[in-house]
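Engineer: Structure below; questions to follow.
The values are calculated or read from the model by the stated rules, or taken from the named source; none is laboratory data. All values reported here derive from a predicted model rather than from experimental measurement. Every residue, glycine as well, gets a Cβ built from its backbone with ideal geometry; the counts of neighbours run over all protein chains shown. To get the accessible areas, we keep the full protein, side chains included, count just its heavy atoms, and leave off ligands, DNA and RNA. Shrake-Rupley method; radii C 1.70, N 1.55, O 1.52, S 1.80 Å.
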Amino acid sequence: MSKERIKIAPEFYDIMPPEYQDLVNRATYGKEDRGWKDIGSAKELIEEHSLCAGCPESMAFRYILASLPNPEDTVMVGSTGCTSLVFPHVAVHNIHSLFGNQNAIASGLKRALTVRFPGRIKDVVVLAGDGATVDIGLDMTLQAWFRQEKFTTICFDNELYANTGGQESGLMQKGFVAKMAPVGKTFDKVRLPEIARESGCHYVVQCTVSKPSLVEKVIRNAVHVAREIGPTYLQLYTPCILEIGKNSMEGLQEMRDSEKPTERFAFKEFVSEPAKQLLAELAAKDKEKKAAAKEQLAAQQA
Ligand SMILES: Cc1ncc(C[n+]2csc(CCOP(=O)(O)OP(=O)(O)O)c2C)c(N)n1
Ligand code: SF4
Ligand SMILES: [Mg+2]
């Protein structure tokens, strides 16, 4: 979606919904320094969502949309689950894929976009739940990584199948009892970040979404590395407050408790050598740009 294509004919301006007017007038598309701080002032990100009140997936979704470096030329691929409920409200191109097929769809899509738009950057970002990523879609997830497909996979890890009432997933903790898994999980949480690294991902992060600035940084890194080098994987803890018996105000504290250094969602990052080099180059360019902008401002004020 290019901002140039969504102008409103002046004759129709006053009858367009305010959300649409806002999208056209105040969208952050094309703004170089867009980020999580734009949440709250730009409706394009998400005006509303249909998840449970206080669901951390909704926070994560906002931070991701705000952090995409190239939103007008990004296609997100979703999968069935609570995550998919937000997509209808999102002003970024998106495709809903059959449960578990998301990385296969994204592989074909990324290749097709590369052929159809040579010389133009088109980013593809998969967003799926843990059931879709590690259980039913694991084959497609891994095969895309083995083939070095150039897109980012994001897993919203809430450690169960939330949308269907709480069944066990591979990312559930050992011993956890859920509404639809009364016996309790008998084996350990699958170590998908380690598997991603061994399967060829060039940038892998596991974290919670308690800090928007951190989410912004890892999303940008993951998208840039996927664009230039190869597959990237982010596993974000977005607890299902409904299934773990928390109320809508308690999701943030749950994430803070789970990201302590000894806990299962302590920050983990792997960066391959080529990805390290790329990120260092991007950081140097960013620094140069900021210094030039500062100099320009100083010259204007003098
Ligand atoms: C092919 C297919 N198999 C099963 C389902 C049923 N189904 C819908 S959502 C879901 C669970 C989703 O769990 P997860 O991927 O962890 O996402 P969450 O809802 O937890 O965000 C399942 C099994 C389906 N819709 N399609
Ligand atoms: S069921 Fe859980 S994951 Fe789904 S919207 Fe509600 S709190 Fe979020
Ligand atoms: Mg889940």
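Engineer: Please report how far the C-alpha centroid of the range 97-165 lies from that of the range 183-229, rounded to the nearest whole angstrom.
Structural biologist: Taking the Cα centre of the range 183-229 as reference, the centre of the range 97-165 is 13 Å away.
Engineer: In nm, what is the difference between 0.36 nm times the number of residues separating A9 and E273 and their Cα-Cα distance?
Structural biologist: So the extension gain works out to 90.1 nm.
Engineer: Taking the mean number of other Cβ atoms within 10 Å as a proxy for protection, how do you rank 252-259, 112-119 from highest to lowest?
Structural biologist: So the peptides 252-259, 112-119, ranked by packing, come out 252-259, 112-119.
Engineer: Also, quick follow-up: Among 237-244, 189-196, how do they line up from the highest to the lowest mean number of other beta-carbon atoms within 10 Å?
Structural biologist: Final packing ranking: 237-244, 189-196.
Engineer: If you don't mind, there's one more thing I want to ask. Using Cα atoms only, what is the angle between the long axis of helix 273-301 and the major principal axis of the chain, expressed in degrees (0 to 90) to the nearest 10?
Structural biologist: Roughly 40 degrees between the two axes.
Engineer: Name the most mobile residue of E159, E273, E216, meaning the one with the largest mean-square fluctuation, in a Gaussian network model of the chain with Cα contacts below 10 Å.
Structural biologist: Fluctuation is largest for E273.
Engineer: Which residue, chosen from N103, S272, S213, occupies the Cα position most advanced towards the positive end of the dipole of the chain, where the dipole is computed from +1 (Lys, Arg) and -1 (Asp, Glu) charges on Cβ about the Cα centre?
Structural biologist: S272
Engineer: How long is the gain from R116 to Q167 if the chain were fully straight, where each residue apart is worth 0.36 nm and the alpha carbon distance is subtracted?
Structural biologist: 14.3 nm
Engineer: For the range 219-302, report the convex hull volume of the alpha-carbon atoms normalised per residue, in Å³, without decimals.
Structural biologist: It is 173 Å³ per residue.
Engineer: Mind checking the log10 I(q)/I(0) for the range 125-276 at q = 0.13, 0.16 Å⁻¹? Debye, one equal scatterer per Cα, no solvent, two decimals.
Structural biologist: After summing over all Cα pairs, the log10 values are -0.57, -0.86.
Engineer: Can I ask one more? So, for the chain, what is the accessible surface per residue at a probe of 1.4 Å, expressed in square angstrom?
Structural biologist: With the other protein chains kept in place, the chain gives 49 Å² per residue.
Engineer: As an exercise, take the mean of 1/r over every pair of distinct alpha carbons in the range 1-133, invert it, and state the Kirkwood radius in angstroms.
Structural biologist: Taking the inverse mean of 1/r over all distinct Cα pairs, the range 1-133 comes out at 15.8 Å.
Engineer: Tell me the Rg and the Dmax, in Å, that the Cα atoms of the chain produce.
Structural biologist: Taking only Cα atoms of the chain, I get Rg and Dmax of 19.8, 72 Å.
Engineer: Which FRET efficiency value, to the nearest 0.05, is calculated for I244 and E19 with the Förster distance at 45 angstrom and r the Cβ-Cβ distance?
Structural biologist: That pair, I244 with E19, gives E of 0.85.
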